[in-house]
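What follows draws every value from the coordinates through simple rules; no lab data is involved. What you are looking at is a predicted structure, and each value in this text was computed from that prediction instead of being measured. Glycine gets a Cβ as well: all are built from the backbone with ideal geometry, and neighbour counts include every protein chain shown.
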Amino acid sequence: MLVFAKIKSVQEKLKSLKKETSIGFVPTMGALHKGHLSLIEQAKKENDFVVVSIFINPTQFDKQEDLINYPKTIENDLDLLKSVSCDLVFIPTAEEIYANNITSSSFDFNGLEYQMEGKFRDGHFNGVGTIVKRLFEIVMPHNAYFGEKDFQQLQIIKNLVAQNQMPINIIGCPIFRENDGLAMSSRNERLTTAHRAAAPFIYKTLQKAKVEFGTKNADELKIWVENEFKNQPLLDLEYFEIADEDTLISIQDIKTSQKQRAFIAVFAGKIRLIDNISL
Ligand code: AMP
């Protein structure tokens, strides 16, 4: 497994591959878990050569504290990447990516950026757009893999690629969960024991909401979910939305299509967790 910190080294290696080599790419922020590995395994199946990046992108954090406390487990990450036969790991510094200008560009994602996460995390998707575009320009993969765990991000990346006419297939991968249903996340590491024990309630509520979304309309369901969380002293609901998968615009009414999804963000103490479910 090759491990590079410099853009030039990555590009030289990729240039040296045979022309017909298909390149799969999985961008991450490290602190890898089985959710990340499921993306890499899918990329391995579908490509000749797989590149994984590990970069904690400063411009996508709306809270400095979250950036500083983001888990860093590089040695373990490299072991895990070897175990799934990753071909190349790119671990740049912030200077390598941004030079002396750690700022994000401003994007127009056709309104996708104003919904849900966009309302609560100021500048987040400009940061995501900036780093993913930069990484795509460096790696120029044929296929890039993103988790449905961050469903809004997945839709925004599809939009980014279409707008910039980048010849990259964006592939969404299913959410990988702990046995108790909690969506795997690097942030789960930072939960206290009590908050970790409370957190599976998030997915349980999404599953119940899915069942209820035949008899209740979206507005009624929102109120029902809000009430459910009032009985959970360790969990603080930030939002629950039902939205169209393509536009991410909220739905007020009853179920009308197969392409509707429920989205949730919850604080478990200081740790913010997100999840979603197809309805
Ligand atoms: P992150 O390191 O959190 O930026 O995540 C890197 C990629 O892994 C993103 O495309 C995430 O959506 C994806 N990912 C994170 N957690 C999961 C999960 N539990 N299941 C599937 N994909 C995930």
Exercise for the section: Using R₀ = 41 Å, calculate the FRET efficiency as 1/(1 + (r/R₀)^6) where r is the Cβ-Cβ separation of K82 and S278; round to 0.05. Expected result: 0.75
Handout entry: the chain, helix-only ellipticity at 222 nm - DSSP H runs n ≥ 4, -39,500 (n - 2.57), divided by all residues, nearest 500
Key = -11500 deg cm²/dmol
Handout entry: Net length gained if the chain between Y114 and H142 were fully extended (0.36 nm per residue, minus Cα distance)
Key = 7.2 nm
Problem - Net lengthening on full extension, S257/K208 (0.36 nm per residue, minus Cα-Cα) - result: 15.8 nm
Handout entry: Order of T247, T59 under a 10 Å beta carbon neighbour criterion, fewest first
Key = T247, T59
Practice task
For N100 paired with K19, estimate the spin-label separation in nm (one decimal), with each label point 7 Å from Cα along the Cα-to-Cβ line.
Solution key: 4.2
Exercise for the section: Could you grab the relative contact order for the stretch 114-202? Cα pairs under 8 Å, six or more apart, rounded to a whole percent. Expected result: 23
Practice task
In nm, give the distance between the simple-model label positions of E46 and N69, each being 7 Å from the Cα along the Cα-to-Cβ direction.
Solution key: 3.5
Exercise for the section: Let me know the Rg and Dmax you get for the chain when you use only its Cα atoms, in Å. Expected result: 19.1, 59
Handout entry: Gain upon complete extension [E220, S9; 0.36 nm per residue less C-alpha separation]
Key = 70.5 nm
Handout entry: For peptides 270-276, 105-111, 157-163, 117-123, sequence by mean Cβ density within 10 Å, most packed first
Key = 270-276, 157-163, 117-123, 105-111
